[in-house]
Amino acid sequence: MHKKKVIIAAGGTGGHMFPAQALALELKDSGYEVLFVGAKLDSNKYFQKELFAYHSISSSTLSSSYTRRVSAILSLFKGCIQSVKIIKHFKPDLVVGFGSFHTAPVLMGAVLLRKPFVLFESNAWPGKVNRFFSRFAKVTAVQFSRTMAHLSGKSKQVAVPFFQRKEDRTYSRGESLSYYGLKCDVPTALVFGGSQGASSINTSVLEVMKEISIEGIPLQIIHFTGSKEASDAYGTAYTEMGINSCVKPFEEKMVHAWRCADIAICRAGAATIAELVRFEIPAILIPFPKASEDHQRVNAEELKSLNAALYLTEDVLHKDSLFGAIKELSNKDRLSAMKDALKEFKRSSQKESLMDIVKELLTN
């Protein structure tokens, strides 16, 4: 019997790589053969190279500079030739693209060779690559319904695949709090900057936690600072304030952090938004201001419109604004209403999964 094959076209930030790998694990567990193809996979810190077969290809974003634009076009052309060779050799039954310039040559190769493909877009405002290739896709799967208006062709709203190792699936909240050395009877704030910068969040949170300590508001903190130097300094600062905390540069087992959190203070990247929804965690969102096409702001606005998050732009992020937001979320009724909004969004919009769509196309 022919073993069905799938190429996963992915690369770039965690927002692209985490759901791509989650789908790949589901496919492998279901007996499909999976190959990752994308730009810079060999050096991508979010890619679990030991788990998947892969090929790195050439690609580049189109710059406004003439010289760089010529170079980018040559890089994309080279990547397209590489992708065509890979597709011809691997003979996939389906290609699944996760957006960004890292995948453009693969999708172009699929178009040229008339290979069917599915796109996945987890941002409220779809990226340029997915906007362009959606007209050729069998279907584009999206996290938010508003995304569909900016795409061509057929689209469906789905739950974002969650990248989680099997051994991490059974932890309870109590076990996760114990993992961080935190108390079960104190509200927990999860703070992190994601893949695109934490320094401004770090600074503002440290300042506001001084006020939290002075006001006597019960709150413990899990803080992923992005660097060891900041982690050491912030850990010492929280101890001196008398605030129970766990401070680390990074966290590989994010499932523990999500199971502990009552609120989150974080960026508004696609992977973060998906995890807030999955674990029903109300958040104070601080979009990364340099994100491509300002898509994090659109993500934050979407979650705010659902009454599921608060939203502060970086230009108004300071001690007083953040303190006000934390005080708002310390109100139990407000917090409960936001959790209910997240639960309702999941119930009403996530009736199908990306895996369902992929399996249906592979079995037809």
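Just so it is clear, none of the values below were taken in a lab; they were calculated from the coordinates. Everything numeric here is computed off the predicted structure, so don't read it as measured data. Cβ sites come from the backbone with ideal geometry, for glycine too, and all protein chains shown count toward neighbours.
Counting DSSP beta bridges in region 5-157, what percent are antiparallel, to the nearest 5?
Once the DSSP bridges in region 5-157 are tallied, antiparallel ones form about 0 percent.
Within 10 Å of each residue's Cβ, count the other Cβ atoms and sort THR61, THR147, THR363, THR239 from fewest upward.
THR363, THR239, THR61, THR147
In whole angstrom, how far apart do the alpha carbon centroids of region 70-92 and region 4-32 sit?
Here the two parts' Cα centres lie 20 Å apart.
Which far-off residues, 5 or more places away or on another chain, put their amide H under 5 Å from the one on PHE117, with H placed in the peptide plane?
VAL95, LYS138
Of the listed peptides 2-10, 252-260, what is their order by residue-averaged count of other C-beta atoms within 10 Å, with the highest listed first?
Going by the mean number of other Cβ atoms within 10 Å, highest first, we get 2-10, 252-260.
If we restrict to alpha carbons, what Rg and Dmax does region 5-157 come to, in Å?
Calculated on Cα positions, Rg and Dmax stand at 14.5, 47 Å.
Taking every DSSP beta bridge with both residues inside the chain, roughly what % is antiparallel (nearest 5)? Can you show the working numbers first?
Numbers: 0 of 43 bridges.
Among the beta bridges of the chain, antiparallel pairing accounts for roughly 0 percent.
Aspartates and glutamates near LYS88 by alpha-carbon distance under 20 Å, same-chain residues fewer than 8 away left out - which ones?
GLU33
Whole-Hz Karplus ³J(HN,Hα) for region 278-291, in order, using 6.51 cos²θ - 1.76 cosθ + 1.60 and θ = phi - 60°, x for Gly and Pro?
Karplus-based 3J(HN,Hα) across region 278-291 equals 4, 9, 6, 10, x, 9, 9, 8, 10, x, 5, x, 9, 5 Hz.
Might you report the magnitude of the Cβ-based charge dipole of the chain about its Cα centre, with Lys and Arg at +1 and Asp and Glu at -1, to the nearest 20 debye? It would help to have the intermediate numbers written out before the result.
Numbers: 47 positive and 36 negative charges, 387 e Å.
In debye, rounded to 20, the chain gives about 1860.
Give me the aspartates and glutamates in straight-line cross-link reach of LYS183: C-alpha distance below 14 Å, same-chain residues under 8 apart excluded.
The qualifying aspartates and glutamates are GLU175, ASP262.
Express the relative contact order of region 210-364 as a whole percentage, based on alpha carbon pairs under 8 Å and six or more residues apart in sequence.
Result for region 210-364 is 17 percent.
Taking the dipole about the Cα centre of the chain, with the C-beta of Lys and Arg at +1 and of Asp and Glu at -1, give me whichever of SER75, VAL186, MET254 is farthest to the positive side.
Selected residue: SER75.
For ALA264, list long-range residues whose amide hydrogen, built 1.01 Å from N in the peptide plane, is under 5 Å from its own amide hydrogen.
Answer set, sorted by chain and number: LEU190, ALA283, ILE284.
Could you let me know the centre-to-centre spacing of region 105-162 and region 345-364, using Cα atoms, in angstrom?
14
Using Cα pairs closer than 8 Å and at least 6 residues apart in sequence, work out the relative contact order for the chain, in percent.
Relative contact order, the chain: 14 percent.
Counting other C-beta atoms within 10 Å, which of ASP29, ASP294, ASP185 has the fewest, and how do the rest follow?
ASP185, ASP29, ASP294
Taking the beta-carbon count within 10 Å as an exposure proxy, list CYS80, CYS266 from fewest neighbours to most.
Neighbour counts put them in this order, fewest first: CYS80, CYS266.
Distance cut-off 25 Å, Cα to Cα: go down the list LYS3/LYS154; LYS128/LYS156; LYS304/LYS346; LYS91/LYS253; LYS40/LYS91 and report the pairs above it.
Pairs exceeding the cut-off: LYS3/LYS154; LYS91/LYS253.
Taking θ as phi - 60°, what are the ³J(HN,Hα) couplings along region 224-237 by the Karplus curve (6.51, -1.76, 1.60), each to the nearest whole Hz, with x for Gly and Pro?
9, 8, x, 8, 5, 4, 5, 4, 4, 5, 6, x, 5, 5
Given H placed on each backbone N at 1.01 Å, which residues far from TYR54 in sequence or on other chains put an amide H within less than 5 Å of it?
PHE36
Would you kindly derive the ³J(HN,Hα) couplings of region 317-328 from the backbone phi angles with the Karplus curve 6.51 cos²θ - 1.76 cosθ + 1.60 (θ = phi - 60°), listing them in order in whole Hz, with x for Gly and Pro?
After applying 6.51 cos²θ - 1.76 cosθ + 1.60, I find 7, 7, 4, 5, 5, 5, 4, x, 5, 5, 4, 4 Hz.
Is the shape of region 257-355 rounded, prolate or oblate, going by the alpha carbon gyration tensor and its root eigenvalues a ≥ b ≥ c, with a/c under 1.5 for rounded and a/b larger than b/c for prolate?
Oblate is the answer for region 257-355, as a/c is 1.5 or above yet b/c matches or exceeds a/b.
Given the Cα-Cα distance of LEU335 and SER172 and 0.36 nm per residue of separation, how much length would full extension add, in nm? Write out the running numbers ahead of the final one.
Values: separation 163, 0.36 × 163 = 58.68 nm, distance 2.11 nm.
Between LEU335 and SER172, full extension yields 56.6 nm more.
Can you give the convex hull volume per residue for the Cα atoms of region 170-348, as a whole number of Å³?
Per residue, the Cα convex hull of region 170-348 comes to 111 Å³.
Per the Kirkwood formula on distinct C-alpha pairs, the Rh of region 69-113 is how many angstrom?
Evaluated over region 69-113, this radius sits at 10.7 Å.
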